[in-house]
1. Within the range A:157-189, can you find the residues that are within 9 Å of another protein chain (Cβ to nearest Cβ) and among the charged types (D, E, K, R)?
2. Can you tell me which of A:G294, A:G257 is within 11 Å of chain B (Cβ to nearest Cβ) and at pLDDT below 90?
3. With the structure loaded, tell me whether B:L70 is closer than 23 Å to B:V182 by Cα, part of a helix (DSSP H, G or I) and in contact (Cβ under 8 Å) with a residue 40 or more places away in the chain or whether it fails that test.
4. Looking at the range B:220-234, which of its residues are touching a Leu at 6+ places or on another chain (Cβ under 7 Å) and open to solvent by 30 Å² or more (accessible area, probe 1.4 Å)?
5. Give me the pairs, please: first residue somewhere in the range B:1-20 and touching a residue at least 40 places away in the same chain (Cβ under 8 Å), second residue anywhere and surrounded by 13 or more Cβ atoms within 10 Å (Cβ to Cβ) and among the acidic types (D, E), beta-carbon distance under 7 Å, and either six or more positions apart or on two chains.
6. A:I110 versus (1) open to solvent by 60 Å² or more (accessible area, probe 1.4 Å); (2) farther than 30 Å from B:T20 by Cβ: which is the lone unmet condition?
7. Answer yes or no as to whether B:N244 is open to solvent by 40 Å² or more (accessible area, probe 1.4 Å) and under 27 Å from A:F161 (Cα atoms).
8. For the range A:113-122, state whether one or more residues are open to solvent by less than 40 Å² (accessible area, probe 1.4 Å), at pLDDT 90 or above, of a type in the set (V, I, T) and over 18 Å from A:P288 (Cα atoms).
Amino acid sequence: MPDQNLTGTRSTAPVAEVAQAEAGPPPGKPRSLWSDAWSDLRRKPSFLIAGAMILVLIIIAAFPSLFTSASPREADLQGAFLRSPELTKFFSPEWFGYDSQGRSVYARVIYGTRASIVIGVSVTVIVLFLGSLVGMIAGYFGGWVDAVVSRIVDTFMGIPFLLGAMVILVSFDVRGKLVITLALAVLGWTTIARVMRGSVISVKQADYVQAARSLGAGTWRILLRHVLPNAMAPVIVVAMVALGGYISAEATLSYLGIGLADPAMSWGSDINTGKDQIRVALHVLIFPSIMLSGTILAFLMMGDAVRDALDPKLR
Amino acid sequence: MGRYVVRRLLQMIPVFIGATLLVFLMMYALPGDPVRALYGERSVDEAQIAAIKAELGLDLPLMQQYWNYLLGVFQGDFGTQIASRRPVMDVITQALPATIRLTVLAFLITVVLGVGMGLVAGLRRGGKTDRAILFVTLIFISVPVFVIGYAYQNFFANTLGWTTPTVRDPEAWTQLILPAMVLASLSLAYVARLTRTSIAENARADYMRTAKAKGLSRPRAVTVHLMRNSLIPVVTFLGVDIGNLMAGAIVTEGIFNVQGIGSAVYRALSFREGATVVGIVTFMIVVYLVVTLLVDLLYAVLDPRIRYA
């Protein structure tokens, strides 16, 4: 190993244990790694719970009006100023109480889901595409291409994630979902690129790649049909865990006042508003916090379960 | 070893130049004019804006500005606050002691609790304690720092009354314990999980069997053989984690009103003082790069198996 700091051991912690996962089905077994993992996952309670939570969250994000009749922007200062939650009135606007502008906290929690899910998923998709492509090229071609790419990755890695996002976002006057997504993606693709590079290096010497090459397959065919499917497993796992991190990052930025802000709805900015009344009306702070933490938890649990299923060392 | 140090130092140069250039471009190539922002909606004299820009060197070509900025960073000059014309370095030196105290405390909590929990869990892999620790760390990872911050503040300070909800005197270590626990929570969870995996993997290694066979007591085998071999990835992580701690400090210091670098950034963010944010963030990035370099060097000392040609 010419340079130990490129191997991915310096990326985030749970990632490190994954990076060396060997992809590829063991000989003599007809089932592929993926179908093996799938039959494993179907019987895992943590995967099923996380999957159900994520499914519900996606439905909420897509159709918030199915879950509440109240509008998240309708303010009733006279009647509902900081009214406490009525926890027995399920799914009604007063379920989680009202905030300092007389808006239903329940409705805001429901409508705030979309920002988190959309930003988390789009950042992950962009990062997966960009990071995989760059990592694959660096890992497969090696030599000077690898050296140049690795230096670029190192440079981006030199900027701590949230600090970098702050510098980007502070110069925008209005920050929509798109700007935040791009800011997080610009800083986030390097983790995936590093893991993909390591994974491709361990796969490219495999017999089936040599066989494909000796049969005269072109570079892109080898990359897309043979290398990519077998190098994908650790990358998918890292991306799933990272998704939770991106949701957390968006919320943190919105909380700090440089992410989404009114009139856009986000749990982070609602928590920021709620913090001022923490001693008189804890409920304004607590319900978006629970939703946010639960969402991140669901994606992390999913990532953990998938990692265990894809890691042949634990079999 | 000597050659490795030199090589590592040389590798730092492009990374340093690249990272500062990125930060610089993010600040100046993106929309928004910091001088004009100073005036908000009021109408301003173009000549006045030009004068302020000339004074701060903002009218020079972009690369010239970057060169000046880089020269400044090497001399400990991280720019000037546009509104007050106060050097950002002043703000940093004034706020640094509180942040160092907070970070050191958080770092200690991370190392002691994180490695401790990871060791216990790793040695009893699959047991009840292990599962409990895994669950607790999963919670710590999924609950964002600012939520943990308000939860702790509300519970330990407002409900139990064990400590003050905000830090009144940053010199007092006892008041810093609560914010340090909040700041440490995320890293603590990662360190515990990383240690657990590493310990559990190495506990089955041949050298552990040999240690047992030659009659070494269990505590000695664990501390001298197992720990030393298992902590290498943890040390690496701790170095990288300084970056997370600094970002976390912005949130934590804001919640607990610690007068440190983090709350300086927090305030600058709410007043939209771009130059201050970029100055302090650049400073943090420099600290981060130096720490990762030191950790890489330490890595070579810790693990004699790694030979850097």
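1. Across the range A:157-189, the qualifying residue is only A:D173.
2. Just a single option satisfies the conditions, and that option is A:G257.
3. Here the answer is no, as B:L70 does not meet what is asked.
4. The one that is touching a Leu at 6+ places or on another chain (Cβ under 7 Å) and open to solvent by 30 Å² or more (accessible area, probe 1.4 Å): B:P233.
5. Qualifying pairs under 7 Å: B:R8/B:D296; B:V15/A:D154.
6. Of the numbered conditions (1) open to solvent by 60 Å² or more (accessible area, probe 1.4 Å); (2) farther than 30 Å from B:T20 by Cβ, the odd one out for A:I110 is (1).
7. yes
8. No - not one qualifying residue is present in the range A:113-122.
The values are calculated or read from the model by the stated rules, or taken from the named source; none is laboratory data. The shown structure was predicted, so the numbers you read here are calculated from the model rather than taken from an experiment. Neighbour counts are summed over all protein chains in view; Cβ atoms, including those assigned to glycine, are modelled from backbone coordinates with ideal geometry. These area figures cover heavy atoms from the full protein model, side chains too; ligands, DNA and RNA do not enter into them. Shrake-Rupley method; radii C 1.70, N 1.55, O 1.52, S 1.80 Å.
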